[in-house]
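Only the coordinates and a few stated rules stand behind these numbers; no lab work does. Predicted model, so just to flag it, every value in this text is computed and none were measured. Here the Cβ positions follow ideal geometry from the backbone for every residue, glycine too, while neighbour counts run over all protein chains shown.
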Amino acid sequence: MRSKEKHIDDVQPATVDQHFRILVADEDTIDYDESEQVTPADLPEWYDAKLYKAGQDYYRSNSLGLTTAIICGLVAVLAVPSILKVLIYTKKSGTACAAFKRYLETSLHTRAWYMADLNVINSDWFKSTNTVRWKHCLANRRALRDGIGGITHRDMALTQYGLIGYVLLEPESLGLTNTKDQREGINHVLRVVGHMLGISDRLNICRKNEAETTALCRRLQAEVFGKYFEEVPPNFVDMATALLDGMWSIDMSIDTGAIFAFSYKLNRVPYTKPLSTYSWLVLKYREASHKLCGTPGIGVFVRAYYNFLINFNFLLIKKWPVIAWLQYGFEQSKIYLYPQLQK
């Protein structure tokens, strides 16, 4: 349970340039206890229910674009050496089966932040938030104990970028409806989520308005993620491939080569590796789907189709992950979405 703090606007750096410099230099690790449970009473005073709902509605009406942005964001986060090091250490993402379970859980937690009710103490929103906090705390403690280096506020803020960066920076490539109100809403969603997950308000990349957040994300795209994509760290390709191979069991339209190419495109870095014919076709299908979603007139119908398809897929995969059962076996495919509640 956190005590009331200063307004986030009073804590964050005054300018985007200052924010960027402070963020990339920060080395402080997270410092909360795994027994802490956040509730609706811990929502910050600056939480705006109407603005948060606008962000949730943005997700509900643009599920394909935001889902693709999150998948590519997960790939991008793996390119950050300090994050990659901790993920390798946890040994929960290095094989397709392990990655399937980890990133299915990640997808369901992220979806809860966009779909569940913040005003109900036992809603999936709080179950997911407290589960992620609990996992971060345990992983941080073990990594520090073993000399790996803990989870820093900087790395959590860079992970925030993986959830919102491409939504704000590349809406045309993702076929998003992208109105001013929607952009402000999604900015507020990730600002609140970052705060509740324990990211320092000072480093939370979501600033007081989407324009400043977009400017900060542009700096991160060009000067952090773009550079890492130009010269990826060791083990990045193996870990990202395991991630995408595992996520194929969640979404069979995922192809490793196609997602790599699309992720590089979102980072505005050329992808120089040749694609197989199949990967090229999947990439063109994905690009065409996003373009149709953003096309006036027909876009509303295409988005409705994909919204239904994605909602149905999440309903199915949460209860009956048939593809994973066939690939990895029934027992190996089991997930425990809220393990700290089962203790």
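Pairs exceeding a 20 Å alpha-carbon distance, out of Lys101/Lys318; Lys53/Lys208; Lys53/Lys318; Lys53/Lys135; Lys85/Lys319; Lys92/Lys135: Lys53/Lys318; Lys53/Lys135; Lys85/Lys319. Using Cα positions and a limit of under 22 Å, work out the lysines in reach of Lys265, with same-chain residues fewer than 8 apart set aside. Result set, ordered by chain and number: Lys227, Lys273, Lys284, Lys291. The alpha carbon centroids of the stretch 200-254 and the stretch 120-179 are separated by 11 Å.
Residues whose amide H falls under 5 Å from that of Tyr32, counting only those 5 or more places apart or on a different chain, are absent, with hydrogens built in the peptide plane. Between Lys273, Lys284, Lys135, the Gaussian network model of the chain with springs among Cα atoms under 10 angstrom shows the greatest mean-square fluctuation at Lys273.
Rg and Dmax of the stretch 1-142, based on Cα coordinates, read 16.8, 44 Å.
On the beta carbon distance between Val300 and Arg145, with R0 = 56 Å, the FRET formula returns roughly 0.60. Note on the chain: GNM, Cα springs under 10 Å; of Leu316, Leu216, Leu283, the largest mean-square fluctuation is that of Leu316. Take the alpha carbon gyration tensor of the stretch 31-76, find the square roots of its eigenvalues, order them as a ≥ b ≥ c, and report rounded if a/c is under 1.5; if not, report prolate when a/b exceeds b/c, else oblate. Here the stretch 31-76 falls in the oblate category.
Counting only Cα atoms, the stretch 219-334 measures 43, 41, 31 Å along its principal axes, largest extent leading. Based on every Cα atom in the chain, Rg and the maximum pairwise Cα distance Dmax equal 19.0, 56 Å. From least to most packed, judged by other beta carbons within 10 angstrom and beginning with the fewest, Ser276, Ser289, Ser249, Ser107 follow the order Ser276, Ser289, Ser107, Ser249. A P(r) calculated from all alpha carbon pairs of the stretch 74-143, with 10 Å bins opening at zero, reads 18, 45, 30, 7 percent.
In percent, rounded to a whole number, the relative contact order of the chain is 28, using alpha-carbon pairs under 8 Å and six or more apart.
Per residue of the chain, the DSSP helices (runs of n ≥ 4 H) give a summed -39500 (n - 2.57) that works out to -20000 deg cm²/dmol at 222 nm. The alpha carbons of the stretch 157-256 stretch over 37, 28, 26 Å along the principal axes, in descending order. In a Debye calculation with equal point scatterers on the alpha-carbon sites of the stretch 251-315 and no solvent, what is log10 I(q)/I(0) at q = 0.21, 0.30 Å⁻¹? The Cα Debye sum returns log10 ratios of -0.94, -1.18. In terms of Cα to Cα distance under 20 Å, which aspartates and glutamates are near enough to Lys50, apart from those fewer than 8 places away along the same chain? Within the straight-line limit of under 20 Å, Lys50 reaches these aspartates and glutamates: Asp9, Asp42, Asp117, Asp124, Asp181, Glu184, Glu210.
Between Asp117 and Ala215, the modelled label-to-label distance comes to 3.9 nm, taking each label 7 Å out from Cα in the direction of the beta carbon. For the peptides 165-173, 253-261, 188-196, 290-298, residues were scored by their other Cβ atoms within 10 Å and the scores averaged per peptide; the highest-first order is 188-196, 165-173, 253-261, 290-298. Taking label positions 7 Å along the Cα-Cβ direction at both Thr272 and Glu331, the computed distance is 4.7 nm, reported to one decimal.
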